[in-house]
Amino acid sequence: MPSSSSLLPAILLSLAISSLLLSLPCQSVHSQVLPLLQWKSTLSGSSEALNSWKSTNPTPCNWYGIICNPSLQIIGINLSSVNIHGGLPFNFHALKSLKTLIISGANITGEIPKSFGEYRELSILDLSKNQISGEIPAELFSLTKLEFLALNSNNLVGIIPPGVGNLSRLTYLTLFDNYLTGEIPSSIGKLTKLEVFRAGGNQNLGGPLPPEIGNCSNLVILGLAETEISGSLPLSIGSLRRIQTIANSLVGSIPPELGECRELMLIDLSLNLLTGNIPSSFGKLSKLQQLQLSTNQLTGDVPPEISNCTALTDIEIDNNDFSGEILIDFGKLQNLTLFYAWQNRLTGNIPASLPKCGSLQSVDLSYNNLTGVIPRELFSLQNLSKLLLIANEFSGFIPPEIGEANEQDSNIQTAVLDSEATTQSILEVVQDINQAAIGTENDALDVHMNDVDQNIQDNVPEHENTMKETFEFEGAPFAEKKTSYSSSSTTTRGRVAPKEEIFFPSASGGAGGVLHNRGKRPPAAKSGGAAGKCGSGATIKKTELSLFYTGGGGRHRMAPGPPLA
């Protein structure tokens, strides 16, 4: 058995090692404190968030925005939406375990330091919503563990470095709302784990969308709106089987392969120069909720296969060159709330199935060549608030259900039945409107451009508060048997332009409804009028109405929101 004296050296050595191990965290903590305090000294923001950052605080793990692991190593810094004002840190090398760095919406200026490329453990880097300038340093793309990179909403310039393809673990990449130029590098196709790629709002980012994008098989959101990216969607887009949202700026035709992206929930290809047809393969997109193809040069029929997209809430195909009949079976689209197809060359009747969409809130079929009668069932839809049918060729009777709508608890606020051939004595309709007191603040019935002159003038009862507003009609043709004129209301040919407007007071004391009857006018220009325009050059000078819809279909459009960048 060894003596106690022989054991003493071993005991002392053990104590020394233990003492050294216990001192290591303190040394490590101290080395982490210095770069944080040095960076704080360069900041000049008014936020009190960093008041806890001081040397008298025993450990930075208790500081605002600092995240540590059990070994007291800083693994995360989260400074989001705080006004710290200054430049980015360049001396965080001592933070060897830093995995998350979020400095977003913090009023940061200056450039991204190249030293960021040395923070090799980073997996999340979010520098979005600041005023960061300069180019994206190539050194960032040596961070091979990076999974999340957000640089959007800054003042970055230059190109997207080809080295982006080195970030093989990247799942999230947002570069939108900057001033980037050049093209999307083909190396983007190496990012096979990428789920979100948004680079819209870079108005000088151009070139074609590289076909290698089809290799990003896990892509869910592709946002490239408001850029100069040109060319057609590559056929490889059909390989993106998980894609849910596509918002691009493109020309050419829509590839049928897009119909193979069965997870798609939103397609926004509006405000482009797309040509050709809507692919019938879109009928395979059973999860599609929003189809936005407005303001392109698309032609052909509206494919009936869209009836299979039973999740649709929003169809916007206005301002194109579609023709033929509307053959969609709206009875299958029970979630549809908005249908805009104005400014096309559509013919035939309003589909009899349209009133079967119980969720419909807004319909605009103006400026087409639609014929036949207006389905009276439309006015029984409980959620319908806007129905715009300007400049078509409807015939037959004005549905009496217009006057009954309020009694049926309908929410119709604006019904514009603007046609070249609708005829009927509307005395009964007008009386129903007046008696039902539909005149809430926003209720209006507009039946201008119809053959109803005598019926209104001879039969509508007198009201003391007949409107005496001044309207100016430029180029409106002369119409007979009108009841009021204004010396300032002259046409470009010098003739006095007629007007007749009967104001119906609300029984509840509201603003009342208004009936406009102006005789026939030529169709308005293709583009929608600005606020204050009444189609065909008629400009409202003065009105007591809170809502006045008389033409210029463009200003009735209710877009769901800005395009996805």
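The values are calculated or read from the model by the stated rules, or taken from the named source; none is laboratory data. The model shown is predicted, which means the values in this text are computed figures rather than measured ones. Note: ideal-geometry Cβ built from the backbone for every residue, glycine included; neighbour counts use all protein chains shown. Accessible surface areas use protein heavy atoms only, side chains included; no ligands, DNA or RNA. Shrake-Rupley method; radii C 1.70, N 1.55, O 1.52, S 1.80 Å.
Is it fair to say Leu191 is within 26 Å of the chain's Cα centre (by Cα) and surrounded by 23 or more Cβ atoms within 10 Å (Cβ to Cβ)? Give the steps one after another, and end with the answer.
Working: within 26 Å of the chain's Cα centre (by Cα): no; surrounded by 23 or more Cβ atoms within 10 Å (Cβ to Cβ): yes.
Judged against the criteria, Leu191 is not a match.
Of all residues in region 64-114, those being closer than 20 Å to Leu34 by Cβ, open to solvent by less than 20 Å² (accessible area, probe 1.4 Å) and outside any loop (DSSP other than H, G, I, E, B) number 9.
Taking the criterion of being small (Gly, Ala, Ser) and either surrounded by fewer than 16 Cβ atoms within 10 Å (Cβ to Cβ) or closer than 17 Å to Leu101 by Cα (or both), the residues of region 154-186 that qualify are Gly158, Ser168, Gly182, Ser186. Here the condition is being part of a loop (DSSP other than H, G, I, E, B), open to solvent by less than 30 Å² (accessible area, probe 1.4 Å) and aliphatic (A, V, I, L, M); of Leu327, Leu384, Leu346, it holds for Leu384 alone. Among the residues examined, Glu212 does not qualify as open to solvent by 50 Å² or more (accessible area, probe 1.4 Å), modelled with pLDDT under 90 and under 22 Å from Pro162 (Cα atoms). The sole residue among Gly207, Gly201 that is open to solvent by 10 Å² or more (accessible area, probe 1.4 Å), under 23 Å from the mean Cα position of the chain (by Cα) and over 24 Å from Val82 (Cβ atoms) is Gly201. Might you check whether a residue that is in contact with a Phe, Trp or Tyr (Cβ under 9 Å, 6 or more places away or on another chain), under 17 Å from Leu312 (Cβ atoms) and part of a loop (DSSP other than H, G, I, E, B) occurs anywhere in region 387-397? Scanning region 387-397, I find no residue that is in contact with a Phe, Trp or Tyr (Cβ under 9 Å, 6 or more places away or on another chain), under 17 Å from Leu312 (Cβ atoms) and part of a loop (DSSP other than H, G, I, E, B), so the answer is no.
Those residues that are crowded, with 17+ Cβ neighbours inside 10 Å and either charged (D, E, K, R) or under 13 Å from Leu88 (Cα atoms) (or both), I need them from region 118-138; list them, please. Across region 118-138, the qualifying residues are Leu125, Asp126, Leu127, Ser128, Lys129, Asn130, Ile132. The one condition from (1) modelled with pLDDT of 85 or more; (2) of a type in the set (S, T, N, Q); (3) closer than 30 Å to Glu111 by Cβ; (4) open to solvent by less than 60 Å² (accessible area, probe 1.4 Å) that Ser47 does not meet is (1). Between Leu125, Leu170, the distinction of being in contact (Cβ under 8 Å) with a residue 12 or more places away in the chain, not in a loop (DSSP other than H, G, I, E, B) and not acidic (Asp, Glu) belongs to Leu125 only.
For region 32-46, which positions are in contact with a Leu (Cβ under 9 Å, 6 or more places away or on another chain) and among the polar types (S, T, N, Q)? Can you show your working first?
Going through region 32-46, the residues in contact with a Leu (Cβ under 9 Å, 6 or more places away or on another chain) turn out to be 32, 35-36, 39-40, 43.
Of everything in region 32-46, just one residue is in contact with a Leu (Cβ under 9 Å, 6 or more places away or on another chain) and among the polar types (S, T, N, Q), namely Gln32.
Condition first: modelled with pLDDT of 95 or more, within 36 Å of the chain's Cα centre (by Cα) and among the polar types (S, T, N, Q). Can you find one or more residues in region 93-103 that meet it? Yes, the conditions are met somewhere in region 93-103.
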